[in-house]
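The values are calculated or read from the model by the stated rules, or taken from the named source; none is laboratory data. Keep in mind that what you see is a predicted model, and the values were worked out from it rather than measured. Here the Cβ is made from the backbone with ideal geometry for all residues, glycine too, and neighbour counts use every protein chain on show. Side chains included, ligands, DNA and RNA excluded: accessible areas come from the protein's heavy atoms. Shrake-Rupley method; radii C 1.70, N 1.55, O 1.52, S 1.80 Å.
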Amino acid sequence: MRLKLKDMGKIEAAIVTGNTLAAHAGQAPGSGIRDPQNQDWRRLWRDSVTDPRELLTLVGLENLAESILPRLDTGFALRVPRGFVARMRHGDARDPLLLQVLPQAAELDDVAGFGFDAVGDLDALTATGVLHKYNGRALLVAIGSCAVNCRYCFRRHFPYAEETAAANHWREAIEHLRTDDSVEEVILSGGDPLSLSTAKLAELTSALAAIPHIRRLRIHTRLPVVLPERIDAELIAWLRGLPWPVAVVLHANHSNELDASVTAACARLRATGAALLNQSVLLRGINDSVDALAALSKNLFECGVLPYYLHQLDRVAGTAHFAVDDAAARALVEALRVQLPGYLLPRLVREIAGESHKTPL
Ligand SMILES: *Cc1c(COP(=O)(O)O)cnc(C)c1O
Ligand code: SF4
């Protein structure tokens, strides 16, 4: 879930398929496919909140609607599943879940250093849909859609390239992975790869299973957190049938995201034998306190999930209001080190273009 873009020219050159547009217009991807077992999560996906006024009304903040809404045209729609909205505190304009999804006027600010060229990933696209920057692991952009639109995400500027991989059945991506025997680990990313139907995922992994040098599979997904119903029996059966050890890297930023439905989804995932990790983004006003980060780590562990990365925000236009400076970020992690066992301390990192790994701070 961490693809960034190089420049707008390349993005404009990207071909936006009808499928991409449908996904961003709120239609669940693959929803044309008959797949009765998936009806439930797809129905919930389609039923997501997309109107800021409705969101504010649901959380008891309709009085804010007049001040916030008329000024906004961010080009990145609101999208949030109702189950995630239900975890927001009623009447609290500073709620850490609300702030992750509600469009804010600050997104329109033009801030120096926050542009469209965050990490230069498109330079690393070695084959359509594959980002191969680090030794031994290659990231496959399986699909561009997500169930939630996180305001801090680079994806806000990517009109999105799921066609790069999915539309041609990942043919070029798989060809790249087949011919490069240095790739031991494939990371399914996006967008959110679990946006794909399970049938599509199975099609992809059976092609990967024919490549002998692939030894591990990793899945980067926010769906177990924002739409835990996605972790249904069919998905679990697919995971159990995979021929490799699997790591699932979730994305939660605040302990309030982890309710009973998420705990249950994590338990289903763990029962497949997959290793569960979590990555977070350090976000001002949302999780930039020792208490918030400690609670997140502890609650993740109660879900059977270990903290992995705490990312410094990618400097993407429209997200500057979420930034925490490096000195403050380091101080937070040092204070957290005093509070927590070592295995619950996330690694504070930043992604820097051209580096061969995430850079520890
Ligand atoms: C972040 C990232 C990875 C994974 O890095 P790890 O340190 O192994 O988690 C792999 N490929 C790309 C392109 C990435 O951005
Ligand atoms: S789930 Fe959120 S952070 Fe992850 S890719 Fe989608 S919009 Fe971005």
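Overview of values
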quantity	calculated
Residue match in region 93-114 (condition: polar (S, T, N, Q), under 20 Å from the mean Cα position of the chain (by Cα) and at pLDDT 90 or above)	yes
Search result, residues across region 316-354 that are of a type in the set (Asp, Glu) and either modelled with pLDDT of 95 or more or out of contact with any Asp or Glu (no Cβ under 7 Å at 6 or more places or on another chain) (or both)	Asp325, Asp326, Glu334
Which listed residue, of Thr57, Thr50, is in contact with a Lys or Arg (Cβ under 8 Å, 6 or more places away or on another chain) and at pLDDT 75 or above	Thr50
Sole exception among (1) within 20 Å of the chain's Cα centre (by Cα); (2) surrounded by fewer than 20 Cβ atoms within 10 Å (Cβ to Cβ); (3) modelled with pLDDT of 90 or more for Glu203, by number	(1)
Residues within region 159-194 that are within 17 Å of the chain's Cα centre (by Cα) and either at pLDDT below 95 or not in a helix (DSSP H, G or I) (or both), tallied	11
Selection count where residues are in contact (Cβ under 8 Å) with a residue 40 or more places away in the chain and within 15 Å of ligand 1 (Cβ to nearest atom), scope region 193-215	1
Matching option when the condition is in contact with a Gly (Cβ under 7 Å, 6 or more places away or on another chain), surrounded by fewer than 22 Cβ atoms within 10 Å (Cβ to Cβ) and not assigned by TED's automatic domain parsing to the domain that holds Gly75, among Ala327, Ala317	Ala317
Selection status of Leu227, closer than 17 Å to Ile187 by Cβ and either within 16 Å of ligand 2 (Cβ to nearest atom) or over 22 Å from the mean Cα position of the chain (by Cα) (or both)	no
Residue check, Leu204 assigned by TED's automatic domain parsing to the domain that holds Leu300, more than 30 Å from Val290 (Cα to Cα), assigned to a helix (DSSP H, G or I) and not acidic (Asp, Glu)	yes
Neighbours by Cβ (under 6 Å, 6+ apart or cross-chain): first from region 332-352, more than 15 Å from Leu300 (Cα to Cα) and open to solvent by less than 30 Å² (accessible area, probe 1.4 Å); second hydrophobic (A, V, I, L, M, F, W, C) and assigned to a strand (DSSP E or B)	Val333/Leu348; Leu348/Leu310
Failed item in (1) in contact with a Leu (Cβ under 9 Å, 6 or more places away or on another chain); (2) within 16 Å of ligand 1 (Cβ to nearest atom); (3) of a type in the set (Asp, Glu), with Glu184 passing the rest	(1)
Test: Ile219 is in the same structural domain as Cys153 (by TED's automatic domain parsing), at negative phi, modelled with pLDDT of 95 or more and more than 16 Å from ligand 2 (Cβ to nearest atom)	no
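Listed here are the residues, each with its yes/no results for (1) more than 16 Å from ligand 1 (Cβ to nearest atom); (2) modelled with pLDDT of 95 or more; (3) part of a strand (DSSP E or B); (4) open to solvent by 10 Å² or more (accessible area, probe 1.4 Å).
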{"position": "Leu235", "(1), (2), (3), (4)": "yes, yes, no, no"}
{"position": "Trp244", "(1), (2), (3), (4)": "no, yes, no, yes"}
{"position": "Gly273", "(1), (2), (3), (4)": "yes, yes, no, yes"}
{"position": "Ser280", "(1), (2), (3), (4)": "no, yes, yes, no"}
{"position": "Gly285", "(1), (2), (3), (4)": "yes, yes, no, yes"}
{"position": "Asp288", "(1), (2), (3), (4)": "yes, yes, no, yes"}
{"position": "Ala292", "(1), (2), (3), (4)": "yes, yes, no, yes"}
{"position": "Gly304", "(1), (2), (3), (4)": "yes, yes, no, yes"}
{"position": "Leu310", "(1), (2), (3), (4)": "no, yes, yes, no"}
